Amino acid sequence: SLHYSRVPRPAWRDRLLKMYMSGLSALQVYIPWNYHEPLPGVYDFAGERDVEAFLDLTAELGLLVILRPGPYICAEWEMHRLHVGPRGPCSQAERLSVSPDYLAAMDSWLHVLLPKIKPRLYQYGGNIISVQVENEYGSYYACDYNYLQHLLGTFRALLGPDVVLFTTDGTRAEELRCGTLPGLYATVDFGPGSNITEAFGAQRLVQPKGPLVNSEYYTGWLDYWGEAHASISSARVAQGLEDMLRLGANVNMYMFQGGTNFAYWSGADFKEGYKPVTTSYDYDAPLSEAGDPTEKLFAIRTVISKFQALPVGPMPPATPKHAYGRVALQKYANLLDVLDVLCPSGPIQSQFPLTFEAIKQVRGLVQEGTLAPETPLHCLCVPCSQAWQARAGPRLWDGGVATLTPRLQEYQGTLERDGQTALQVTGREGDILDVLLENMGRINFGANVSDFKGLLRNLSLESSPLHGWLLYPLAIDPAVQQGWPHAAPHKSSSRGRAGPAFYMGTFESPGSTWDTFVKFPGWSKGQLWINGFNLGRYWPQRGPQQTLFVPSSVLHSDRPNNITVLELEGAP
């Protein structure tokens, strides 16, 4: 597996060639719905999102393709497909039941996507040998065969009667009972350390004939902010692969390269609490986040050579890296001083806070502010209510930075989902209480995928709810892509270092550009852009990730490279 949405387009050929030279015969790839339909009826297949160009490149390099177009994918991808129907916003979570709004949105999407796929099917001379329908549907409580039947009918109508359509589920009986359907070839997924005989035995109970298929053999695992880096030894991965190949099984290694969750595309899990995924999707995969061959790749290549001849020729080397040194950044402005730039349409007025979905701010950040009441401020609280699975939890999704203005824009602290949900603050009548809300990724797996963002209920001071809000959906990326703040007049900002603020700097890469990594010594948490490209979230205080990958394709060799940083809590 490799995800084109996590690898810069100029690197596609390099990564695919390394996979081919490793002895792989096929590539398995997801198509993220929300990557190509950011808003209802608005489709984007250009540039980095040109999936047809990616598929054509796989054919050119001699790789077969196993396609996973969803419509639901997991992939630790920011799981949201905004669709405004008669009942308001809905999301892919509505696949859990046959929602008319969801089915209509899904059908519209598939009628755009699948006609692009059909000419590339193996039956029509292309290299796509099979297509997955849905993904691990048996892991959900809905168990709705009508939904799967609807999908099967749509895929057959748009792709024809001959293409192999399949499902992927875990090996538990309940997962295979609810995730499979006659007419869809049933496959399973499991990682190193599993009992291979039992796992494929589970597949045989629902798929008596045909090839044994492990659709997701885990070469590593993902990382969550605040937890240790996940890894699986090369020896374990190689041994499990060899054992399966000796059975004549077909194996997809998930992942062969993980890549990067650029911008705001990292998702989240819910496992006894909210677990946001790191920007790096390195996955401890055979090809590193930067696309470099690892010891694990060569161990896998050795195993493959026991069963089929390897391609003739050398393995392409690691990409060259360069240490550009320290870059001095200067503060440009506090975020509250540039709301006119970041929200040119002006604020939305509301008696109470609104979610991201309600104001159609799919990702990123929202600034919300209200006047302080006449009484002194004491305890700022996010009220609790009944959450999913009868768990009481704060209704702040996912984080917020509180500031008091206009008196010196005093940074008060940070509230966090499943963490600190109350702050002691002081102020006086006429102060403005501002809260910067951050979407850290929607839950992409499990029963909790209706993961609305922002303030789901009102903030209160002591027991008094706050009202009269101004909401600013922040369009930071369009501004930065157009050269802001480097091309804008300098803002004089003598206020302190704490609280959300923008910083900027430049560095040179004369003659050529190389891949590199950015480290943030002493910084807290925020977002980084280089030359307008959003490299994602940094959070070294929380870890485990300490650096952000910078592909050479985003750098300039003939002019200065502009760095823009939005620090949310405090610069060093």
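The values are calculated or read from the model by the stated rules, or taken from the named source; none is laboratory data. Computed from a predicted model, the values in this text were never measured in an experiment. Positions of Cβ are backbone-derived with ideal geometry, glycine not excepted, and every protein chain shown enters the neighbour counts. Areas reflect the complete protein model, heavy atoms only, side chains present, ligands, DNA and RNA absent. Shrake-Rupley method; radii C 1.70, N 1.55, O 1.52, S 1.80 Å.
One table, with the values for the structure above:
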| item | result |
| --- | --- |
| Between 0 and 90°, nearest 10: helix 234-246 axis offset from the chain longest Cα axis | 40 |
| Percent antiparallel among DSSP beta bridges (both partners in the range 4-306, rounded to 5) | 30 |
| Among the listed pairs K360/K453; K453/K519; K275/K331; K116/K209, those beyond 20 Å (Cα-Cα) | K453/K519; K275/K331; K116/K209 |
| Relative contact order for the range 143-279, counting Cα pairs under 8 Å that sit 6 or more residues apart, in percent | 19 |
| Whichever lysines have a C-alpha closer than 19 Å to that of K296, once near sequence neighbours (fewer than 8 apart) are set aside | K18, K306 |
| Å² of accessible area per residue within the range 4-306, as computed with a 1.4 Å probe and no ligands counted | 35 |
| Cβ charges +1 (Lys, Arg) and -1 (Asp, Glu), total dipole of the chain, debye | 600 |
| Descending semi-axes in whole angstrom, ellipsoid equivalent of the range 4-306, from the Cα gyration tensor | 28, 23, 21 |
| Zero-based 5 Å bins, Cα pair distances in the range 478-567, whole percents | 3, 13, 23, 23, 20, 13, 5, 1 |
| Relative contact order of the chain, pairs being alpha-carbon contacts under 8 Å that are 6 or more residues apart, as % | 14 |
| Antiparallel DSSP beta bridges within the chain, as percent of all bridges there, nearest 5 | 75 |
| Cα-based helix-to-principal-axis angle, 51-60 vs the chain, degrees rounded to 10 | 30 |
| Convex hull volume per residue in cubic angstrom - Cα atoms of the chain | 149 |
| Relative packing of peptides 518-528, 20-30 - highest average C-beta neighbours within 10 Å first | 20-30, 518-528 |
| The chain: calculated mean residue ellipticity at 222 nm from DSSP helix runs of at least 4, using -39500 (n - 2.57) | -5500 deg cm²/dmol |
| The range 195-285: antiparallel DSSP beta bridges as a percent of all, rounded to 5 | 55 |
| Amide H contacts of L535 (H built 1.01 Å from N, under 5 Å, at least 5 apart or other chain) | A263, L528, W529, I530 |
| Cβ-defined net charge surrounding A75, 11 Å radius [Lys, Arg +1; Asp, Glu -1] | -2 |
